[in-house]
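Heads up, the thing below is written out as structure tokens.
The values are calculated or read from the model by the stated rules, or taken from the named source; none is laboratory data. Predicted model, so just to flag it, every value in this text is computed and none were measured. Cβ atoms come from the backbone with ideal geometry, glycine included; neighbour counts cover every protein chain shown. Note: accessible area is taken over every heavy atom of the protein model, side chains too, but ligands, DNA and RNA are not part of it. Shrake-Rupley method; radii C 1.70, N 1.55, O 1.52, S 1.80 Å.
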Amino acid sequence: MSDFDTFPSYRARWLPGMTRSRIAALPDKDRAIVVVATGAIEQHGPHLPVAVDALMGQVWTTRALALLPDDVACFVGPPIVVGKSNEHVGFPGTLSISKETLRAQVLAIARQLRAWGFRRLRILNTHGGNTSVLVYTMREVRAQFGFDADFLRSDFAPDVSKQEAEFGFHAGEVETSWVLAAANRLVRMSEARTCYPARLEDPGELRPEAAPATFAWVTRDLSPTGILGDATAATATKGERWLQLGAEGYARAIEAAYRESGPAVEPA
């Protein structure tokens with residue numbers, strides 16, 4: 001195997017693998033979409049690797065770009081693999097950066113992309129703890145650099161039980177199935193467990209997630225295992241189907257953003 005074979009399968013679209021002259025010569029940069037994955041390194045229960053979120057950013061990118069038509073100008077920027085994961089403190093394996101550091105990294109990448117001539121950025125975020133920081137940071141990116149900046153979203157939702165859909169939001173059926181399909185040897189299903197932070201039939205509207213009223217929480221207050229969901233229900237078959245459908249959704253979103261793009265916003 002040559003060194004070149006170890007590059008991402010989307011290497012023709014991978015900006016970090018290009019020389020500066022190659023980047024300078026790329027056509028259609030003011031319209032092209034640049035995808036930047038933002039993930040995390042954090043505990044995912046006793047059965048999954050701590051790199052699940054960082055891994056999934058690359059899995060989605062690889063699968064989605066393979067589905068793009070050749071005429072769609074889309075490139076991949078450097079990923080941010082460590083995120084804001086302070087909700088998982090207290091478990092071994094969790095790395096966490098501050099909101100200021102996450103913001104600074106996104107702004108630094110956007111500043112360089114702007115200098116290279118790009119004007120459109122899509123964040124493929126695989127960690128919920130990053131979301132609120134990314135929302136206000138993308139407002140800054142739009143205002144400072146004149147970017148068309150937004151999240152890259154897939155329109156697909158896995159077909160799981162209502163209980164899992166509401167309260168299986170970390171290391172449960174969906175994430176475990178994804179990793180079983182993408183990197184089976186990294187999963188220890190003998191350690192999979194079921195642990196929900198709330199039940200659908202619980203009285204009241206105050207819940208940790210997906211409710212009219214939510215409260216601040218850290219994972220160790222909700223689950224002794226670090227799992228929030230039913231990891232025992234996961235299978236590689238489910239994961240492969242969900243990965244394919246999710247990737248198709250991401251590919252549609254990239255193509256739509258490219259084909260529907262209008263003039264970029266000039267910086268303030």
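Under the criterion of Cα pairs below 8 Å and six or more residues apart, the relative contact order for the chain equals 25 percent. Sequentially through the stretch 169-180, phi angles give Karplus couplings (6.51, -1.76, 1.60; θ = phi - 60°) of 10, 7, 6, x, 4, 6, 4, 5, 5, 4, 6, 4 Hz, Gly and Pro residues having no value and appearing as x.
Across E175, E209, E201, E100, the residue with the most accessible area heads the list, and the full order at a 1.4 Å probe is E201, E100, E209, E175.
Whole-Hz Karplus values for the stretch 17-26 come out as x, 9, 6, 5, 5, 5, 4, 4, 8, 4 Hz, taken residue by residue from phi with 6.51 cos²θ - 1.76 cosθ + 1.60 and θ = phi - 60°; glycine and proline positions read x. For G229, nonlocal amide neighbours, meaning residues 5 or more places apart or on other chains whose placed amide H falls under 5 Å from its own, are C195, Y196. Listed by chain and number, the lysines whose alpha-carbon sits under 25 Å from that of K84, ignoring those within fewer than 8 places in the same chain, are K99. Derived from the Cα gyration tensor, the three semi-axes of the equivalent ellipsoid of the stretch 112-200 are 34, 16, 11 Å, largest first. Label sites at E260 and K99, each approximated as a point 7 angstrom past Cα along Cα to Cβ, lie 3.0 nm apart. Amide H contacts under 5 Å for N125: T38, L152, restricted to partners 5 or more places along the chain or on a different chain, H placed in the peptide plane at 1.01 Å from N. Quick one: which residues, 5 or more positions from C74 or on another chain, have an amide H under 5 Å from its amide H? H modelled 1.01 Å from N in the peptide plane, none for Pro or chain starts. Under 5 Å from the amide H of C74 lie the amide H atoms of I33, each far enough along the sequence or on another chain. Where Lys and Arg each count +1 and Asp and Glu each count -1, what net charge lies around E166 among other residues with Cβ under 13 Å from its Cβ? Value of the local net charge: -4. Per residue of the chain, the DSSP helices (runs of n ≥ 4 H) give a summed -39500 (n - 2.57) that works out to -11500 deg cm²/dmol at 222 nm. Each residue of the stretch 102-116 was assigned a 3J(HN,Hα) from its phi angle through the Karplus curve 6.51 cos²θ - 1.76 cosθ + 1.60 (θ = phi - 60°); the sequence is 4, 4, 5, 5, 5, 5, 5, 5, 4, 4, 5, 4, 5, 5, 6 Hz, with glycine and proline shown as x.
The length gained by stretching the chain between M189 and T214 to full extension, at 0.36 nm per residue less their Cα-Cα distance, is 5.9 nm.
Determine, at each q value in 0.11, 0.13 (inverse angstroms), the log₁₀ of I(q)/I(0) that the Debye formula gives when each Cα of the chain is one equal point scatterer. Here log10 of I(q) over I(0) equals -0.65, -0.89. When the chymotrypsin sites (Phe, Trp or Tyr not before Pro) in the stretch 55-156 are filtered for DSSP coil states and for at most 16 other beta-carbon atoms within 10 Å of their beta-carbon, the remaining sites are F156. One Cα centroid belongs to the stretch 173-240, the other to the stretch 30-46; the line between them spans 20 Å.
Among residues other than A256 with Cβ under 15 Å from its Cβ, the summed charge is -1 (Lys and Arg +1, Asp and Glu -1).
Ratio of Rg to Rh for the stretch 1-149: 0.99 [Cα atoms; Kirkwood radius as inverse mean 1/r over pairs]. Compactness of the stretch 52-120, taken as the C-alpha radius of gyration over 2.2 N^0.38 Å, stands at 1.38.
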